[in-house]
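Only the coordinates and a few stated rules stand behind these numbers; no lab work does. Since the model is a prediction, treat every value here as computed from it, not as a measurement. Positions of Cβ are generated from backbone atoms using ideal geometry, with glycine treated the same way; all protein chains shown enter the neighbour counts.
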Amino acid sequence: MRPRKIGAVVALAGAVAIVAGYGASASSATSTARTATQAKPFVVLVTDVNQLNDHGFNALAYQGLLRANAKLGINGVVYQSPSAAQYIPNLATAARKGADLVISVGFDQAVAIAKVAKQFPKTHFAIIDVDQTTLAGKPKNVEGLIFKEQEVGYLAGYLAGLVEKAKGAHATIGSVGGQKQPPVDRYIAGYQAGAKKADPGVKLLNTYSQDWVDQAKCKQAALDQISAGATIVFQVGANEKETVEVETIELGTAVEKASVTEIETIDTALGEVTKAAGEFGAVQNRIQYTESNLEVYSQNLSSAVSGLKDVNMATEMTNFTKEQVLQQAGVAILAQANHLPEAVLKLLQ
């Protein structure tokens, strides 16, 4: 699958760029084993069982290593794995030789790299198509190189859906994967989602050959889908040669008409989205402005209420004092009035 191969080159170059900053980071015990040319960052690429002649995944990873040699000034070498039993020995050998970075090509090396990374905690490892958090023990010295295969699959599925939709009838399309692994699943999930988006009534078929090498298995799976009515089959495999030869039909006119219509629809939809986004932004600005005004109003209101409370308290205190003075004055007058008759009587006596 071409997009996946390009991704392997980019990922490899990126991983090597990271380690280039470390320089010769091996311990003194291992650095003595290096030659003069290994004074540069030492990077080892460990292939899967398809090795460098697969014209695909491993070959493209190797091209990335060669590019890193030329552009980043590293010392990159390749350890090929003729069988899965060679994964652990190759990874361990690279670590023992003081590699600054050891890169595993493919999901199949997940178990091996988890074991070796634990044995060599000071060595940096990277693995293509594997999430580091899914590895046993989640070794911190391993970097997972993950791609968004579902986005590539979505485009292929959307195109397949357009082709079928242009025929004016819901048809059947299929997909054939190698081994059932997360990156393959992401391709197929995107493919099916894209096809359903373009043509909700399309019927989907999917098969796994459970083999990366035997092309006959993939071919038979595709032929079985074609016999079941599939007019388009999406192949997801690691090797460029892992393709299926089938009879083709002329779809150029149908695709062209469907593409023009769909592009116009997409352009219209994008225009509506842009317009809606602008309107939403304007409303949001007005809401924020109103919210700011309400906050200021609330602060002013709180201040006014507090002032009113202070004024009311002062008035009440004045009235209370006034009532007390009047009450005391009345008592004094009554007392004097009661005393006056007694004084008159005394004078008459």
What is the calculated FRET efficiency for Ser303 to Thr134, with r their C-beta to C-beta distance and R₀ = 41 Å, to the nearest 0.05?
-> 0.10
Just report the Cα centroid separation between region 167-184 and region 43-118, whole Å.
-> 31 Å
Using only the alpha-carbon atoms of region 149-249, report the extent along each of the three principal axes, biggest first, to the nearest angstrom.
-> 38, 27, 18
